[in-house]
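Take a look at the structure below.
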Amino acid sequence: MTIFNEKFQVETGHSHVTVLDVTRQVREIVARSGVKNGNILVYTGHTSCSVQIQEFSDGQTLWGTELIMQDLINCLAKIAPTCTNENQYLHPNAAHVKGAVEERNEAPEWCLNTDGHIRSIIMGRSVTIPIIDGEIQLGEFGLVYFADWDQVRARTRTVIVQVMGE
């Protein structure tokens with residue numbers, strides 16, 4: 001059995017949720033792995049991000065977000081409203097903000113991302129997809145999307161891909 005690991009980075013924006021189609025990168029990694037039958041795990045270690053499978057839309061928002069993914073963003077915003085000020089959620093408390101500023105040199109307003117953490121928990125940080133005859137099985141319209149729910153600043157994020165099989 002082969003286990004093949006590779007990472008790639010994506011750039012995300014600020015002032016909006018960033019959703020990116022990473023299907024091409026995932027397919028390329030499967031091809032490089034040489035695995036014909038097995039599974040692929042697409043994972044993010046970032047606690048305010050997620051990975052999901054969804055179909056494309058025949059249209060995008062001005063941010064370049066597929067319309068069906070914008071519908072998901074809108075739905076999740078009703079469950080976990082965007083954090084706009086301190087004390088909206090229990091997290092971050094004063095101790096967390098102090099540590100972020102003093103220990104990690106972060107701006108205090110960067111801590112206002114509790115909604116992103118909640119949305120990440122709801123959506124999950126990984127997907128596992130079967131590989132059959134060298135092709136990832138996404139269905140007729142499926143694509144792999146990376147979502148950064150954290151809207152407080154632009155970031156470089158890492159996607160981890162592990163291909164297992166023969």
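Computed over the chain, the convex hull of the alpha-carbon atoms projects to a mean area of 10.4 nm².
Counting only lysines at least 8 places from K36 when in the same chain, those with an alpha carbon closer than 25 Å to its own are K7.
Computed on the chain, with alpha-carbon pairs under 8 angstrom and 6+ residues apart, the relative contact order is 53 percent.
Using only Cα atoms, locate the centre of the range 1-62 and the centre of the range 117-155, then give the distance between them in Å, rounded to an integer. Their Cα centres are 6 Å away from one another.
If you take every residue apart from V42 with its C-beta less than 14 Å away from the C-beta of V42, what net charge results, scoring Lys and Arg +1 and Asp and Glu -1?
Numbers: positive: K7, R24, R27, R125, R157; negative: E6, D21, E28.
Summing Lys/Arg as +1 and Asp/Glu as -1 gives +2.
Charged side chains reduced to their Cβ positions (Lys and Arg at +1, Asp and Glu at -1) give the chain a dipole of some 320 debye around its Cα centre.
Restricting to DSSP H runs of at least four residues, report the calculated mean residue ellipticity at 222 nm for the chain, -39500 (n - 2.57) per run over all residues, nearest 500 deg cm²/dmol. Intermediate values should be presented prior to the final figure.
Numbers: 4 runs with 45 residues, N = 166.
Rounded to the nearest 500, the figure is -8500 deg cm²/dmol.
Counting protein heavy atoms only, the range 62-160 has 55 percent of its accessible area on carbon and sulfur, 1.4 angstrom probe.
Taking a probe of 1.4 Å, how large is the accessible area per residue of the chain, in Å²?
Working: 8990 Å² over 166 residues.
Per-residue accessible area for the chain comes out at 54 Å².
Across the range 51-121, Cα-Cα distances exceeding 17 Å account for 55% of all pairs.
The values are calculated or read from the model by the stated rules, or taken from the named source; none is laboratory data. Note that the structure is a prediction, hence the values are computed from the model and not measured. Neighbour counts run over all protein chains shown; Cβ positions are idealised from the backbone, glycine included. These accessible areas exclude ligands, DNA and RNA; they are computed on the full protein's heavy atoms, side chains included. Shrake-Rupley method; radii C 1.70, N 1.55, O 1.52, S 1.80 Å.
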